[in-house]
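To start, the structure under review is shown below, and the notes come after it.
The numbers here are math on the coordinates, done by the rules we state, and not lab data. Quantities reported herein were computed from a predicted structural model and do not represent experimental measurements. Positions of Cβ are backbone-derived with ideal geometry, glycine not excepted, and every protein chain shown enters the neighbour counts.
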Ligand code: DP6
């Protein structure tokens, strides 16, 4: 079992002066939700997500050795300076410095862009932090070429977690578990791991159509939202429920029991929002159109027997989940009945993908 100390390097064997990497890292959608955390980005309960394929952040990291020892970087978004993203990256560098001490020896230029629209209400923190963590690990691998592939990915996920919890599930694997769970021996609070068992064929290329109900800024940031679980009257039973739902989902992902899958996934989404509605202060992040979509999905599922279901993030957008074989009928249903509830009729078609990749070095 790895501990935090395993991620503190002793020395670097190869000096490197300058260079550049480009990484692409996807977003992910949680089926069992992470909501509540302890110090140092340790989750209050284990979570499980599908990795997405098309919603990605692509980040180029250029680095040049410097004389002085401090954190130094320029940040570009779509090629242009973006000052308001800098504090988050500064904080990330401060948090990871203990584990990647080389970062104060370089000046970095970070140029980042997303494949999804900027104001879509889709958080870019998971894909963005995963892309940056993969870039840092690519540099660490140059400094320490003897590192194993397993260590590379574990530490990339470990670093990404320090940027944003859910980012640690955007590194490697189609289905990723983060947070210690008794029935998944490889699982860890420190990093995400690929779901260790074979998955039923029905979940291959599972579809996620993201309906953009509200493209505005989030009403409550997830960092603030997690804090609301501290002292929440239902916190302990919610955390226990997440363990239980993960146990059930583990079986369902292997046996392909789609009705059980739907029940777990929709209940998790509604529980996440129930936690927000019952915290102090309380929030309702769903919009009337979110509920209209949920009701339409339930009606369509009842009428057609097609196993389409939904999940939600900490916002109003709806992720519509369904098997690839039902794609034509579900997209027709979305076009005919759901698009009217989306802001500017916008939605994004995505599918399960396999994680972050180094595009160029
Ligand atoms: C509702 O990972 O965005 O999407 O660790 O504070 O950056 P921080 O939070 P974040 O929280 C994600 C919450 C969620 C559920 C999930 O993705 O599991």
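Things to note:
- Here region 46-193 is treated as an ellipsoid with the same Cα gyration tensor; its semi-axes, largest first and in whole Å, are 25, 20, 12.
- Among 177-190, 228-241, the peptide with the highest mean count of other Cβ atoms within 10 Å heads the list, and the full ranking is 177-190, 228-241.
- Once you divide the Cα radius of gyration of region 36-124 by 2.2 N^0.38 Å, the number left is 1.28.
- Span from the region 319-342 Cα centroid across to the region 5-79 one, whole angstrom: 33 Å
- Rounded to 10°, Cα long-axis angle of helix 258-277 versus longest principal axis of the chain: 70 degrees
- Straightening the chain between residue 357 and residue 148 buys 73.6 nm, computed as 0.36 nm per residue apart minus the Cα-Cα spacing.
- Convex hull of Cα atoms in region 1-83, direction-averaged projection (nm²): 9.2 nm²
- Along principal axes, Cα extents of region 117-243, largest first, whole Å: 47, 37, 36
- Helix axis angle, 86-96 relative to the chain longest principal axis, alpha carbon, degrees: 70 degrees
- For the chain, the direction-averaged projected area of the alpha-carbon convex hull comes to 17.6 nm².
- CD proxy at 222 nm, helix term only [per DSSP H run n ≥ 4: -39500 (n - 2.57); per residue of the chain; nearest 500]: -10500 deg cm²/dmol
- Angle in degrees between helix 288-304 and the longest Cα principal axis of the chain, rounded to the nearest 10: 60 degrees
- Estimated inter-spin distance, residue 305 and residue 292, nm [label 7 Å along Cα→Cβ]: 3.1 nm
- Computed from the C-alpha gyration tensor, the three semi-axes of the ellipsoid equivalent to region 260-341 are 24, 14, 9 Å, from longest to shortest.
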